[in-house]
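Asks: Please read through the structure below; I'll follow up with questions.
The values are calculated or read from the model by the stated rules, or taken from the named source; none is laboratory data. For clarity, every value in this text was computed on a predicted model and none was experimentally measured. Cβ atoms come from the backbone with ideal geometry, glycine included; neighbour counts cover every protein chain shown.
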Amino acid sequence: MAAFMREEESYMNGFRQSKIEVAVVGDGASGAILCAQLLRSIRPDEIHVRWLGRSKKFGLGLAYSTSDPDHLLNVPSKGMSAFENDPLHFLNWVQARDKKASPESFLPRQWYGEYLSALVPAGHPSLTVHPDDVMQIQKVSHSYQITTRKNETHPADVVILAIGHCLSKARFGRRPSFPLAEVDGQARILIVGTGLTMVDTVLTLGRAPRQNEIVAISRHGLLPMVHARHDGNPGASHFRKIIHGSKPPTLRQAFAAMRTDCAEAESRGGDWRSVVDDVRPFIPSVWKSFSPADRRQFLRHVVHFWDSHRHRMPPEVAEKIYYLINSGRLKIKKGRFTSLVEEDGSWTVNWRSDTHELRRERFDHVFDCTGLSRDLGATDSPLVRQMLRDGLLVISDPPLGAFPAPEAAGLEVLGHLLRGEYWESTAVPEIRKQAAAIVDRLLKLLN
C-alpha cells in the first residue's frame with residue numbers, strides 16, 4: 001500500500017490542476033458500492049468516474065440479478081448497507097417501501113439489486129456509464145488505456161478492478177445461470193455441489209407444480225447451516241487472545257481456539273454462531289498472516305466445514321430445502337465423480353459413494369454449483385489473462401485471486417479478486433470496507 005501511495009503521488013503531481021479520470025471496471029455489486037461511495041465523497045470538479053461493464057443493468061451483477069422471490073439475502077438487512085459510516089442505509093431504504101422490514105429480516109435478493117441500481121444516481125455530473133465489456137487495460141507511461149469489446153479506447157489515471165466472479169468453464173454440465181424455467185418439470189437433475197448456489201438452484205427447480213427429482217452430490221455432503229438468532233455477545237475470547245499475541249497464529253492454533261470458544265459458548269447455553277460471527281471481522285488479517293502452506297491446508301481440509309458454518313441459510317429458505325429432502329424430491333449425497341458423459345441429450349454419471357461403492361446413474365440435466373474457482377489461472381476472462389500476462393496483476397498463493405503488481409501504480413482491486421489476500425472478500429461488509437479504503441486513498445491524494 002505504501003508503494004501505491006509513493007508511486008501515485010509521484011505522477012499525480014503532473015495533473016493536479018485537471019480533473020482526475022477514474023475508471024471503475026465491473027458492473028456488479030462491487031462496482032456499484034465503490035461508485036456510490038466515491039460520488040458521495042468528491043466534488044464534480046475533482047474527479048470524473050467512468051463506469052464500465054458488459055451489462056445493460058448496472059449494479060446487479062451475478063448475485064443480485066435474480067428475479068426469483070425465493071432467493072433471499074443470506075445476511076440480515078442490518079448488515080447490508082453499502083456505506084461503512086451509515087450502517088442502516090439499506091434498512092432505511094427498504095423500510096420506505098416495506099414498513100414491516102426489520103434489522104433481522106432476510107429480504108429478497110431482487111430488492112438488494114434494486115437498491116444497488118439506485119445507489120448511483122443517473123445523470124450525476126461526475127459519472128459516465130459505458131455498457132461495454134472491457135477487453136484490455138494497458139499501462140501507458142503514468143496512466144492507463146482501456147479498450148472495450150466495441151474497440152473504443154478510454155484514458156484513465158486510476159483504474160479500479162471490481163469485476164466480481166472470474167468463472168472458469170463449468171467442469172460438470174452447465175452453470176446454473178442457464179434459464180432454469182426451460183428445464184422440463186419432470187426431468188431428473190444432478191447438481192454438483194451442496195452449498196448456497198445449490199440451494200438457490202433447488203429453490204427454483206423444486207417449486208410447485210414442478211416434480212423434478214434432484215440429486216445433489218459433493219465430496220463432504222455438507223448443507224449450509226441455518227441462521228438462528230443468538231445473544232450476539234462476543235464469544236471468541238480464546239481466538240481474540242491468540243491473534244493479539246506476540247506471534248501470528250498458525251492455522252492449527254486459530255481453529256483450536258475457535259473450537260474451544262464454540263464449546264464454551266454451547267456449555268453456557270449460548271450458540272456457536274456467536275463465535276463465528278465474532279471471528280469474521282478478523283479473518284482477513286489472520287488469513288494474510290498465514291503461511292502459504294497453512295492456506296493450502298485450509299483449502300484442503302477445513303474450507304468445507306468453515307463454509308457450511310460461515311455461509312448460512314435463512315430459516316425461511318432452510319424450511320423449504322428440508323421439506324424437499326423429507327418429501328424425497330431432494331437427495332443430498334456424499335461422493336466423488338469418476339466420469340460424466342453427455343450422450344443423446346442426457347448424462348451418464350459414474351461416481352463413488354462415501355462407502356466406496358461405484359455407482360452409475362442417468363440424469364437429464366447436470367448443473368455445476370461448485371462455486372468460485374480456486375485457480376485464477378484457469379479463468380476464462382480475457383481481461384484478467386491479459387493483465388496477468390502483462391504483469392499488471394500478480395496471482396496470489398494459493399491462486400485464489402490476484403493483486404496489483406508493485407509497478408502498477410494507480411491500479412486498485414476490490415472484491416472477489418482479493419480472496420487470495422484476505423479470504424473474506426466476497427460479501428458486502430468486506431466490499432464496502434475495501435471501497436471506503438480506496439476512496440480514502442484517492443481523497444488523500446487530492447488533498
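Asks: Scanning for something of a type in the set (Phe, Trp, Tyr) and within 20 Å of the chain's Cα centre (by Cα), does the stretch 269-288 turn up at least one residue?
Replies: yes
Asks: Sticking with this one: Which ranges mark the strands (runs of 3 or more DSSP E) fully within the stretch 362-409 that have 2 or more residues being aliphatic (A, V, I, L, M)?
Replies: Filter on the stretch 362-409 gives 393-395.
Asks: Where the second residue is among the aliphatic types (A, V, I, L, M) and surrounded by fewer than 14 Cβ atoms within 10 Å (Cβ to Cβ) and the first is closer than 17 Å to residue 205 by Cβ and lies in the stretch 343-366, which pairs have Cβ atoms under 8 Å and are six or more apart or on separate chains?
Replies: That search, which allows pairs on different chains as well, returns 347/341.
Asks: Right, here's the next one. Can you tell me which of 224, 209 is touching a Leu at 6+ places or on another chain (Cβ under 6 Å), modelled with pLDDT of 85 or more and not in a helix (DSSP H, G or I)?
Replies: Just a single option satisfies the conditions, and that option is 224.
Asks: Restrict the check to the stretch 289-299 and report whether at least one residue is buried (at least 18 other Cβ atoms within 10 Å of the Cβ), under 28 Å from residue 187 (Cα atoms) and touching a Phe, Trp or Tyr at 6+ places or on another chain (Cβ under 8 Å).
Replies: No, the stretch 289-299 has no match at all.
Asks: If you don't mind, there's one more thing I want to ask. Taking residue 210 as the residue in question, decide whether it is surrounded by fewer than 17 Cβ atoms within 10 Å (Cβ to Cβ) and in contact (Cβ under 8 Å) with a residue 12 or more places away in the chain.
Replies: So residue 210 does not fit the description; no.
Asks: Pick out the one residue from 409, 378, 405 that is at pLDDT 95 or above and not aromatic (Phe, Trp, Tyr).
Replies: Result: 405 is the single residue among 409, 378, 405 that is at pLDDT 95 or above and not aromatic (Phe, Trp, Tyr).
Asks: Among 285, 237, which is polar (S, T, N, Q), closer than 21 Å to residue 400 by Cβ and in contact (Cβ under 8 Å) with a residue 24 or more places away in the chain?
Replies: 285
Asks: Which pairs do you get when a residue that is within 14 Å of residue 58 (Cβ to Cβ), found in the stretch 110-127, comes within reach of a residue that is among the hydroxyl-bearing types (Ser, Thr, Tyr) and buried (at least 17 other Cβ atoms within 10 Å of the Cβ), reach meaning Cβ atoms under 8 angstrom, with the pair 6+ apart or on two chains?
Replies: Cβ pairs passing all conditions: 113/64; 113/66; 116/64.
Asks: Does the stretch 221-238 include one or more residues that are more than 22 Å from the chain's Cα centre (by Cα), among the β-branched types (Val, Ile, Thr) and within 30 Å of residue 354 (Cβ to Cβ)?
Replies: No, the stretch 221-238 contains no residue that is more than 22 Å from the chain's Cα centre (by Cα), among the β-branched types (Val, Ile, Thr) and within 30 Å of residue 354 (Cβ to Cβ).
Asks: Could you look through the stretch 305-324, keep only residues that are over 16 Å from residue 427 (Cα atoms) and charged (D, E, K, R), and pick out the one that is surrounded by the fewest Cβ atoms within 10 Å (Cβ to Cβ)?
Replies: Checked the stretch 305-324; the qualifying residue surrounded by the fewest Cβ atoms within 10 Å (Cβ to Cβ) is 319.
Asks: So which of 420, 335 is of a type outside the set (A, V, I, L, M, F, W, C), buried (at least 16 other Cβ atoms within 10 Å of the Cβ) and part of a strand (DSSP E or B)?
Replies: 335
Asks: In addition: For the stretch 401-447, how many residues are polar (S, T, N, Q) and more than 30 Å from residue 45 (Cβ to Cβ)?
Replies: Summing the residues that are polar (S, T, N, Q) and more than 30 Å from residue 45 (Cβ to Cβ) in the stretch 401-447 gives 2.
Asks: Could you list, in sequence order, the residues of the stretch 101-128 that are farther than 27 Å from residue 73 by Cα and either surrounded by fewer than 17 Cβ atoms within 10 Å (Cβ to Cβ) or aliphatic (A, V, I, L, M) (or both)?
Replies: 123, 124, 125, 127, 128 - these are the residues of the stretch 101-128 that are farther than 27 Å from residue 73 by Cα and either surrounded by fewer than 17 Cβ atoms within 10 Å (Cβ to Cβ) or aliphatic (A, V, I, L, M) (or both).
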